[in-house]
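Worksheet for the structure shown next.
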Amino acid sequence: MIRLPFRDGFYEVKPSKIICLGRNYAEHARELGHEVPEEPVIFLKPPSALIGPNQTIILPRKSNHVDHEVELAVIIGKRAKRVSREEAMDYVMGYTIMLDITARDLQWEAKKKGLPWTVAKGFDTFAPIGPRIVDRREINVDDLEIGLKVNGEIRQLSRTSKMIFKVDEIIEYVSGIMTLEPGDIIATGTPEGVGPLRHGDVVEAWIEGIGVLKEEVLSERSILC
């Protein structure tokens, strides 16, 4: 169970699904050799990938190249189906930070074969979240600093104003495809600067006004030895 501080208490994070956006920052799309999309690119991560703050990202034996991706995450507050952009924000409970951890070599391999790449996104511990949830009424996410350090070295640094599709547009698009349930998470994409994680790394991801999400990184091979 993952409990995050929210308002004057705690919120139990139990989404029915985690929806992620790919290529929602133009420079990130370009660094991976992709065109800037004309509509949101979405994929799913399983809720079993979630971990809380100050826990451990496990690098799986199946992969030799695992990347970090810091993202603004939206927590849905009430059931949303075919919601318009104008009313979209009424369905947001709050915001937090999520790391979309990606087995990049497995993703590349799947793409070359024309196959889905859920395997690259769905490992246990591949969706760290935290350190808290900020009420949507207490923060304006249109232009916040977003960044990530590994062992104290800045890897990613940008602003949410550079997102191609904004939160209201994303909710409109996603809710027109699948019904969003209370507690569902939408991760809104990562800026440029994604890079590999190694055994023993310490990751610190931050978003202005939300805080710092800190995780350690261990190799599955080391745990099983």
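Points to keep in mind about this one:
- Complete set of residues in the stretch 68-96 that are surrounded by 19 or more Cβ atoms within 10 Å (Cβ to Cβ) and in contact with a Pro (Cβ under 7 Å, 6 or more places away or on another chain): ILE76
- All conditions in (1) in contact with a strand residue (DSSP E or B) (Cβ under 7 Å, 6 or more places away or on another chain); (2) under 17 Å from THR160 (Cα atoms) hold for VAL36, with the sole exception of (1).
- Filtering the stretch 31-61 to residues that are at pLDDT 95 or above, surrounded by 13 or more Cβ atoms within 10 Å (Cβ to Cβ) and part of a loop (DSSP other than H, G, I, E, B) leaves PRO46, GLY52, PRO53, GLN55, PRO60.
- In the stretch 97-138, of all residues being among the acidic types (Asp, Glu) and surrounded by fewer than 17 Cβ atoms within 10 Å (Cβ to Cβ), the one that is nearest to PRO60 (Cα to Cα) corresponds to ASP124.
- VAL141 surrounded by fewer than 22 Cβ atoms within 10 Å (Cβ to Cβ) and in contact (Cβ under 8 Å) with a residue 24 or more places away in the chain: no
- For the stretch 105-113, the criterion of being under 26 Å from MET1 (Cα atoms), over 13 Å from the mean Cα position of the chain (by Cα) and at pLDDT 95 or above is met by none of the residues.
- Residue count for the stretch 79-116, restricted to those that are closer than 17 Å to LYS166 by Cβ and among the aromatic types (Phe, Trp, Tyr): 2
- Per-region count, the stretch 80-116, residues in contact (Cβ under 8 Å) with a residue 12 or more places away in the chain and in a loop (DSSP other than H, G, I, E, B): 6
- Among the residues of the stretch 167-185, the one identified as in contact with a helix residue (DSSP H, G or I) (Cβ under 6 Å, 6 or more places away or on another chain) and not acidic (Asp, Glu) is ILE171.
- Residue check for VAL119: under 19 Å from THR188 (Cβ atoms), not small (Gly, Ala, Ser) and not in a strand (DSSP E or B): no
- In this structure, TYR91 does satisfy being aromatic (Phe, Trp, Tyr), at pLDDT 95 or above and in contact with a Gly (Cβ under 8 Å, 6 or more places away or on another chain).
- Test: ASP67 is more than 29 Å from PRO5 (Cα to Cα) and not in a loop (DSSP other than H, G, I, E, B): no
The values are calculated or read from the model by the stated rules, or taken from the named source; none is laboratory data. Predicted model, so just to flag it, every value in this text is computed and none were measured. We place every Cβ from the backbone using ideal geometry, glycine too, and count neighbours over all the protein chains shown.
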